[in-house]
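To start, the structure itself, in structure tokens.
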């Protein structure tokens, strides 16, 4: 009878260790997926890394609009041209989209994230994203699938 608690505690320790490893692995995979999707979006939005504003005032590698920028930071919008600041806001925006999709019962696939990034979260969740946003999302999903094994867009070309 005294050996049973020892066996159970060993099993519990192994199960706990396995669960922690699985959670860490899933977090790593999620971060890797996020990095891939953000690389794709960055390359779709501003492939030549231009510093001049877009037609609607968009700035930086992710072509943020003022309202989107202000959702995630109090830094001046001109900082969207700074790669580090832009990356930080991009991660926050990605996570905001991911949470919104999951709250609506949708997966945060590269397609859905790109659709929400380009067409808006409300339109994506409500099934009202414009056709152009669906084309953008298709390109993003295709590029993300290529990048999955390559590491960088340059290597995938």
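Only the coordinates and a few stated rules stand behind these numbers; no lab work does. Here the structure is a predicted model, which is why all the values come from computation and not from measurement. When we count neighbours, we look across all protein chains shown, and the Cβ atoms used for this are built from the backbone with ideal geometry, even at glycine.
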Looking at this structure, is residue 60 under 15 Å from residue 43 (Cβ atoms) and over 16 Å from the mean Cα position of the chain (by Cα)? yes
Identify all residues within region 36-84 that are free of Cβ contacts under 8 Å to residues at least 24 places away in the same chain, touching a helix residue (DSSP H, G or I) at 6+ places or on another chain (Cβ under 7 Å) and more than 21 Å from residue 133 (Cα to Cα); write none if there are none. 73, 75, 77, 79, 80
In region 91-119, residue surrounded by the fewest Cβ atoms within 10 Å (Cβ to Cβ) [restricted to those that are outside any helix (DSSP H, G or I) and out of contact with any helix residue (DSSP H, G or I) (no Cβ under 6 Å at 6 or more places or on another chain)]: 105
Considering residues of region 121-144 that are in a loop (DSSP other than H, G, I, E, B) and free of Cβ contacts under 8 Å to residues at least 12 places away in the same chain only, the residue nearest to residue 63 (Cα to Cα): 130
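Give the residue that is farthest from the chain's Cα centre (by Cα), with candidates limited to residues of region 85-94 that are free of Cβ contacts under 8 Å to residues at least 60 places away in the same chain and under 26 Å from residue 145 (Cβ atoms).
86
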In region 44-65, anything within 13 Å of residue 90 (Cα to Cα) and in a helix (DSSP H, G or I) is listed as 45
